1. Exactly one of (1) over 18 Å from Ser295 (Cβ atoms); (2) crowded, with 24+ Cβ neighbours inside 10 Å; (3) out of contact with any Lys or Arg (no Cβ under 7 Å at 6 or more places or on another chain) is unmet by Asp120. Its number?
2. Condition first: part of a strand (DSSP E or B) and within 18 Å of the chain's Cα centre (by Cα). Now tell me which residues in segment 249-296 satisfy that.
3. Six or more apart or on different chains, Cβ under 6 Å: which pairs go from a residue in segment 129-150 that's farther than 17 Å from Ala201 by Cα and of a type in the set (D, E, K, R) to one that's surrounded by 24 or more Cβ atoms within 10 Å (Cβ to Cβ) and at pLDDT 95 or above? Could you list them?
4. Given the conditions (1) in contact with a Lys or Arg (Cβ under 8 Å, 6 or more places away or on another chain); (2) surrounded by 18 or more Cβ atoms within 10 Å (Cβ to Cβ), which single one is not true for Gly99?
5. Can Ser192 be described as modelled with pLDDT of 95 or more, over 18 Å from Glu55 (Cβ atoms) and hydroxyl-bearing (Ser, Thr, Tyr)?
6. Would you mind finding the one in Leu161, Leu75, Leu101 that is in contact with a Gly (Cβ under 7 Å, 6 or more places away or on another chain) and at pLDDT 95 or above?
Amino acid sequence: MGPYSLPPTGRGPSSQLTSTAPSGGHGTGVIPCFSGKPMDLKELPTRGFARHPWEIVRADFFLRLLGERITGQTLSALDIGAGDGYFAERLLASFPAVGQLTCFDPAYDADWLQGRVTDDPRMTFTAQKPEGLRDIVLMLDVLEHVEDDRATLREAASSFLKPGGWLLLSVPAGQRLFSHHDELLGHKRRYSPARLRGLIAEAGLSAIDHGELFASLLVPRAMAKLGEMARGEVSSGQVPAAPTHIETSLGTWNHGQLVTSIVTGALSLDARCSRFASRMRLPFAGLSTWVLAQSR
C-alpha cells in the first residue's frame, strides 16, 4: 500500500481509525492514519448524549478561524477522520457556500454507514478514499494516530487539495505531556508548534495562520501526567490494541446546565485569548496546536 495505507482496525478530544485515507483517487494508495474504529465513534455511547463543552468550543473556534479566510461560492470540502460528523454538520450550517462535503473515515463499517442518516443532501459519509480535489480539507486530531505523519500529510495535500485550497490541521501539543490517556486513544505522539509547521512545509503547503488552543487545560493534564509518574506508570510509547469502546468525558458529559455553562464559558474565553495571542504572535501554550495552510 502507498503512504495513505491505513492500518486496519479518531477525533473528539482525540480519535482513532484505520488510516486516514484508503486507496484510490489522486494518491498512490491509502492514508496511513489509524488502526481501529474511529475514536470519537468508540467514545460515543449508544444512548443519546450531550456534547462535551470541549468539543463545542473547539468547533466554534475553528469555524470562526475558517470564516476569517474562506471565501467563494459552491465550495467543496473533505473532513478526514470525521467521526460521527459533528464538525461537518456545523461547517455546513455556518458556510452555505459549501455545496458538497464528504466525511471520510476508513474505519466506517457498512452497518454504521447504513444507519447514519443526515438531513443535509450536501453531506455524505464514506469509508472509501474519495475522488477529486477539494477547496477545504480538514484533518482535526488525526495526524497523531498515523505511523508516518509526513507521508500522510503529503498524500492528503496532493490527493485532495485544489491549488489555492485550504487545509486545517490540529493535533495534541506537548510531547512531555504524552500519557496513558494518549496511548488509550491510539496516539503515536504529541507535537510542538514548530514540528507541525515543519510538516506543513514539507508537504508543499504554506502556513497562513497558526496557534495554540486550550491553555486552561494544560495544568490539569500536567497534574495527571505527574500523577502517573508518581505512581510509576511510565508511558511505554506503544499503542495498545484498541478496545471497541472506551469511556471518556466526550460521551459521558452529564454535569447539568449550570456546570456546563460555566465550563463552556471558561473554555470559550480560553479560545478567544488563544486567538488573540496567535494574531499578535504572542507566546501562548495550549493543549492543542493548529495550522491553517494553503496549497501553493
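The values are calculated or read from the model by the stated rules, or taken from the named source; none is laboratory data. Since we're looking at a predicted model, the values are computed, not measured. Don't worry about glycine lacking a Cβ; one is built from the backbone with ideal geometry, like all the others, and counts go over all protein chains shown.
1. (2)
2. Result: Ser288, Thr289, Trp290, Val291, Leu292, Ala293, Gln294.
3. Within 6 Å, the pairs are Arg134/Ala77; Arg134/Leu78; Arg134/Phe160; Asp141/Ser170; Glu144/Val171; Glu144/Pro172.
4. Evaluating Gly99 over (1) in contact with a Lys or Arg (Cβ under 8 Å, 6 or more places away or on another chain); (2) surrounded by 18 or more Cβ atoms within 10 Å (Cβ to Cβ) leaves (2) as the failure.
5. yes
6. Leu75
A quick yes/no check of all residues on (1) touching a Lys or Arg at 6+ places or on another chain (Cβ under 8 Å); (2) buried (at least 18 other Cβ atoms within 10 Å of the Cβ); (3) part of a helix (DSSP H, G or I):
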residue: Ser159; (1), (2), (3): yes, yes, yes
residue: Leu169; (1), (2), (3): no, yes, no
residue: Lys188; (1), (2), (3): no, yes, no
residue: Leu196; (1), (2), (3): no, yes, yes
residue: Ala201; (1), (2), (3): no, no, yes
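For (1) within 15 Å of Ile56 (Cβ to Cβ); (2) at pLDDT 85 or above; (3) out of contact with any Pro (no Cβ under 8 Å at 6 or more places or on another chain), each residue gets a yes or a no:
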{"site": "Met229", "(1), (2), (3)": "no, yes, yes"}
{"site": "Pro243", "(1), (2), (3)": "no, no, yes"}
{"site": "Leu250", "(1), (2), (3)": "yes, no, no"}
{"site": "Gly256", "(1), (2), (3)": "no, yes, yes"}
